[in-house]
1. How much accessible surface area, in Å² rounded to 10, belongs to the heavy atoms of L18 with a 1.4 Å probe?
2. Give the lysines whose C-alpha is closer than 19 Å to that of K30, dropping any in the same chain fewer than 8 places away, or say none.
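The values are calculated or read from the model by the stated rules, or taken from the named source; none is laboratory data. Bear in mind that the values here come from a model prediction, so they are computed numbers and not experimental data. Please note that ligands, DNA and RNA were not included when accessible areas were found on the heavy atoms of the full protein model with its side chains. Shrake-Rupley method; radii C 1.70, N 1.55, O 1.52, S 1.80 Å.
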Amino acid sequence: MPFDGIADPIAAKSLQTLKLMEDRLQRGRKWTRHFMFGDGGKMCLLGANYFGCNLGDARQADRALEYLARAIRPASPERDRRDRCWIETTITDFNDSCAGYGEIERVLRAAQELARADAVAAQLVSAR
C-alpha cells in the first residue's frame, strides 16, 4: 500500500518541513554558523526552520526540530526528545561545531528518514 501521508499527518508535515529546510540551505550556499540569520540570506539549521514560518501555533504543527535533534543525538533519552530547550541547544551546538555542510546534509537526511519511518509505521497500524 503506497504511503499517502494521511496516517500520521504530523510526521508527514515534519518530513515536508525537513525537505524545505534542506532546500532553503541550497546545498550549503545559504548555510552559516553562529548566527540564526547572516549576510546574504545565510542561515543556520534553526534559521532554516524558522525562516518564513509563523512562530507559535504553526511551529507546533510539526516535529521537524525533534526529528533533527534525534538524528544528531540518536541515543538521547526519551524525556529529552520533547524538551524544546534541549532540542534547540542540540541543534545549535551541532550546527556551530560540525565539520562542514556535509554533516548538516547527513543529519537532515537522517531526520527525514525518522519522519518517514513514523509516517509509514502509523500507516501500517491504521491499515490493520
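1. Using a 1.4 Å probe on the heavy atoms, I get roughly 0 Å².
2. Filter leaves K19, K42.
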